[in-house]
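Here the structure is laid out as structure tokens; the discussion comes afterwards.
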Amino acid sequence: MTTNNSHRSAGDVLTGFERQITQDRVDAYAEASGDHNPIHLNEEYASTTQFGTRIAHGMLSLALVTEMLASEFPDTWHDGGKLKVRFSAPVFPGEIVTTYGEITGISEEDGQIIATCTIGCKKTDGTDAVSGRATVALE
Amino acid sequence: MTVPLISTATVGHEFGPYDVTIPTERANAYAKAVGGAESPDYGDSLAPTMVVAAALTELIEDLGLFSGGLQTIHAGQEVSWTRPVKIGEKLDAIGRLAANSVRRGNHFATVSVSYKDSTGSEIGTSSTTIIVIGEES
């Protein structure tokens, strides 16, 4: 199935979603990525760190943001998409994050129509866990 | 205590190549970790950030950040991809230390990674910035 995104314009809001980052998700992400750092998995160890408890992998939060991008731009995100983000705050198991995005500009590069988007995910207290920018072709 | 490589490596230091081929089991674990009702259907393809995460794990290991009680923060990430990646597709990742400095007792390192398919063609790049808290050089 193809999705026509050629009608998109600056100011369009991307469809975000909520996800609770459970410890089960963190454990599964450790299996997927191979990152078994105890700060994500071992509460006893994590309690000795600056965070005082386990934290989710930053890449797990970023993965949720890219799920949003892949849903919005299914034909092009994995075929020329770019992103640049910073990880602003840790996400603790049990917290809910909400992805967000907005097209901030449309331009033409090498014959392609490219959308520039602000992207990220926020915690329920409104702080950004991940924030940054993505570019993706619209068709 | 062994001195971690991040304390001694100079800019330009190369890492890998790492085999970052993602088998079905790990793709399934990724879906369990990330997936939900809104998830796109990847078919037999992968989210590129999963390949990046696999390479990052190898890099952190080689930089010596899994040992010695060092507290590491993943501060920033860039990713670009030129085509979809299939589950089980042979991919290699080659890293290069792009920046490495100590500021106010904290270590800042940036590693750039190139992802190549079995033909040797680059199909993606990433750049990871890591902060090691209180790590003295």
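Being in contact (Cβ under 8 Å) with a residue 12 or more places away in the chain and within 24 Å of residue B:127 (Cα to Cα) narrows it down to one of A:67, A:18, A:95, A:109, so name that one.
After ruling out the rest, the residue left standing is A:67.
None of A:79, A:75 is within 14 Å of another protein chain (Cβ to nearest Cβ), free of Cβ contacts under 8 Å to residues at least 60 places away in the same chain and not β-branched (Val, Ile, Thr) except A:79.
Of all residues in the range A:86-136, none satisfies the criterion of being touching a Gly at 6+ places or on another chain (Cβ under 6 Å), surrounded by fewer than 18 Cβ atoms within 10 Å (Cβ to Cβ) and of a type in the set (A, V, I, L, M). If I filter the range B:119-132 for residues that are more than 10 Å from chain A (Cβ to nearest Cβ), within 17 Å of residue A:82 (Cβ to Cβ) and surrounded by fewer than 19 Cβ atoms within 10 Å (Cβ to Cβ), do I get at least one hit? Within the range B:119-132 (the criterion being more than 10 Å from chain A (Cβ to nearest Cβ), within 17 Å of residue A:82 (Cβ to Cβ) and surrounded by fewer than 19 Cβ atoms within 10 Å (Cβ to Cβ)), the answer is yes, since at least one residue qualifies.
Exactly one residue out of B:98, B:27 is at the interface with chain A (Cβ under 8 Å from one of its Cβ atoms) and buried (at least 16 other Cβ atoms within 10 Å of the Cβ), and it is B:27.
Could you say whether any residue in the range B:50-65 is surrounded by fewer than 17 Cβ atoms within 10 Å (Cβ to Cβ) and facing chain A (nearest Cβ under 10 Å)? No, because not a single residue in the range B:50-65 is surrounded by fewer than 17 Cβ atoms within 10 Å (Cβ to Cβ) and facing chain A (nearest Cβ under 10 Å). Which residue is nearest to the other protein chains (Cβ to nearest Cβ), if the candidates are limited to the range A:4-54 and must be under 21 Å from the mean Cα position of the chain (by Cα) and among the polar types (S, T, N, Q)? The residue in question is A:33.
We did not get these values from a lab; they are worked out from the coordinates using the rules stated. Because the structure is a prediction, the values reported are computed rather than measured. Methodologically, a virtual Cβ is constructed for each residue, glycine included, from the backbone with ideal geometry; neighbour enumeration extends over all protein chains shown.
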